[in-house]
Amino acid sequence: MLAVARQLHTDIEFRAGSADALPFEDEEFDAVVGNFVLHHMARPEMVLNEAFRVLRGDGRMGFTIWEDPSKLEAFGLFFASVEEHCGASELPHGPLFGVSDFEFLHTMVRDTGFCESSVRELDIAWRLGSLEPFLAAFGAWANMDAFPSEIRTAIEDTVRERANDYVSDDGFVMPNPAILISAVK
């Protein structure tokens, strides 16, 4: 991703670093954003602590995470098909989602030192012209190549069949809301 970003935006400096140990000085930025980061971290409060540390006074932060899994129809379409043909099993990369309780998120942000916290749902839908990129992405993530070919085919066929519920004029529209967490230092 960094190579592509550097190629597309030659006038911007991109650096790799750990979200829970940012390679920047204290109070270096006016804003910190993280798109679908916190729910992948073992200790999301460390990420928030780092955001707080590198923000100047009155700096703002914003992070998105996925909403409660019961609301994620795009994810549910794939995982329900896997469960139907393979049973419930441990995901290859561990849990996909963290906490989506709004009050808990407010508390976590405030405990870090932020104020004026806001937690709200973002009405997001995935718009796809074809199911092939969807199947390829989830297939790679779930290591579908480890399944026998007849199971992979059955899962993909089930996804294609159930995706008919999401057909639109120009492909597919699948609700997959997120949560936006924002606050001020």
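The values are calculated or read from the model by the stated rules, or taken from the named source; none is laboratory data. A quick note: this is a predicted structure, and the numbers were derived from the prediction, not measured. Here Cβ is always computed from backbone atoms with ideal geometry, including for glycine, and neighbour counts include all displayed protein chains.
Looking at Ser70, Ser18, just one residue is surrounded by fewer than 12 Cβ atoms within 10 Å (Cβ to Cβ), of a type in the set (Gly, Ala, Ser) and within 25 Å of Met144 (Cβ to Cβ), and that residue is Ser70. The residue of segment 21-36 that is farthest from Phe114 (Cα to Cα), among those that are surrounded by fewer than 16 Cβ atoms within 10 Å (Cβ to Cβ) and aliphatic (A, V, I, L, M), is Ala21.
Select, from Gly76, Gly87, Gly98, the only residue that is of a type outside the set (D, E, K, R), exposed (fewer than 13 other Cβ atoms within 10 Å of the Cβ), within 30 Å of Arg162 (Cα to Cα) and at pLDDT below 90. Lay out the reasoning, then the answer.
Working: Gly76 fails: exposed (fewer than 13 other Cβ atoms within 10 Å of the Cβ); Gly98 fails: exposed (fewer than 13 other Cβ atoms within 10 Å of the Cβ).
Gly87 is the lone residue from the list that is of a type outside the set (D, E, K, R), exposed (fewer than 13 other Cβ atoms within 10 Å of the Cβ), within 30 Å of Arg162 (Cα to Cα) and at pLDDT below 90.
Out of curiosity, is Ala183 modelled with pLDDT under 95 and either within 15 Å of Phe79 (Cβ to Cβ) or among the aliphatic types (A, V, I, L, M) (or both)? So Ala183 fails the test.
Regarding segment 126-140, can at least one residue be identified that is under 30 Å from Ala31 (Cα atoms), among the aromatic types (Phe, Trp, Tyr) and surrounded by 11 or more Cβ atoms within 10 Å (Cβ to Cβ)? Yes, segment 126-140 contains a residue that is under 30 Å from Ala31 (Cα atoms), among the aromatic types (Phe, Trp, Tyr) and surrounded by 11 or more Cβ atoms within 10 Å (Cβ to Cβ). I'd like the full set of residues that are surrounded by 12 or more Cβ atoms within 10 Å (Cβ to Cβ), more than 17 Å from the chain's Cα centre (by Cα) and in a loop (DSSP other than H, G, I, E, B), limited to segment 141-178. Across segment 141-178, the qualifying residue is only Phe147.
I'm trying to understand the selection: among the residues of segment 23-49, which are of a type in the set (A, V, I, L, M) and over 16 Å from Arg60 (Cα atoms)?
Of the residues in segment 23-49, the ones of a type in the set (A, V, I, L, M) are 31-33, 37-38, 41-42, 46-48.
The answer is Val37, Leu38, Met41, Ala42, Met46.
What number of residues within segment 13-25 satisfy the criterion of being out of contact with any Lys or Arg (no Cβ under 8 Å at 6 or more places or on another chain), free of Cβ contacts under 8 Å to residues at least 24 places away in the same chain and assigned to a loop (DSSP other than H, G, I, E, B)? Don't jump to the end; show me each part of the working.
Going residue by residue through segment 13-25, those that are out of contact with any Lys or Arg (no Cβ under 8 Å at 6 or more places or on another chain) are 13, 15-19, 21, 24-25.
So of that shortlist, the ones also free of Cβ contacts under 8 Å to residues at least 24 places away in the same chain come out as 13, 15-18.
When the remaining residues are screened for being assigned to a loop (DSSP other than H, G, I, E, B), the result is 13, 15-17.
Counting residues in segment 13-25 that are out of contact with any Lys or Arg (no Cβ under 8 Å at 6 or more places or on another chain), free of Cβ contacts under 8 Å to residues at least 24 places away in the same chain and assigned to a loop (DSSP other than H, G, I, E, B) gives 4.
Remark: pairs (first residue in segment 135-164, farther than 14 Å from Ala74 by Cα and among the aromatic types (Phe, Trp, Tyr); second residue part of a helix (DSSP H, G or I) and at pLDDT below 90; Cβ separation under 8 Å; 6+ apart in sequence or on different chains) = Phe147/Cys86. Within segment 27-62, being among the hydrophobic types (A, V, I, L, M, F, W, C) and within 30 Å of Met144 (Cα to Cα) holds for Phe36, Val37, Leu38, Met41, Ala42.
For the structure I just gave you, tell me whether Ser70 is in a helix (DSSP H, G or I), of a type in the set (Ser, Thr, Tyr), within 26 Å of Asp101 (Cβ to Cβ) and at pLDDT below 95. Reasoning before the result, please.
Working: in a helix (DSSP H, G or I): yes; of a type in the set (Ser, Thr, Tyr): yes; within 26 Å of Asp101 (Cβ to Cβ): yes; at pLDDT below 95: yes.
When the stated conditions are applied, Ser70 passes them.
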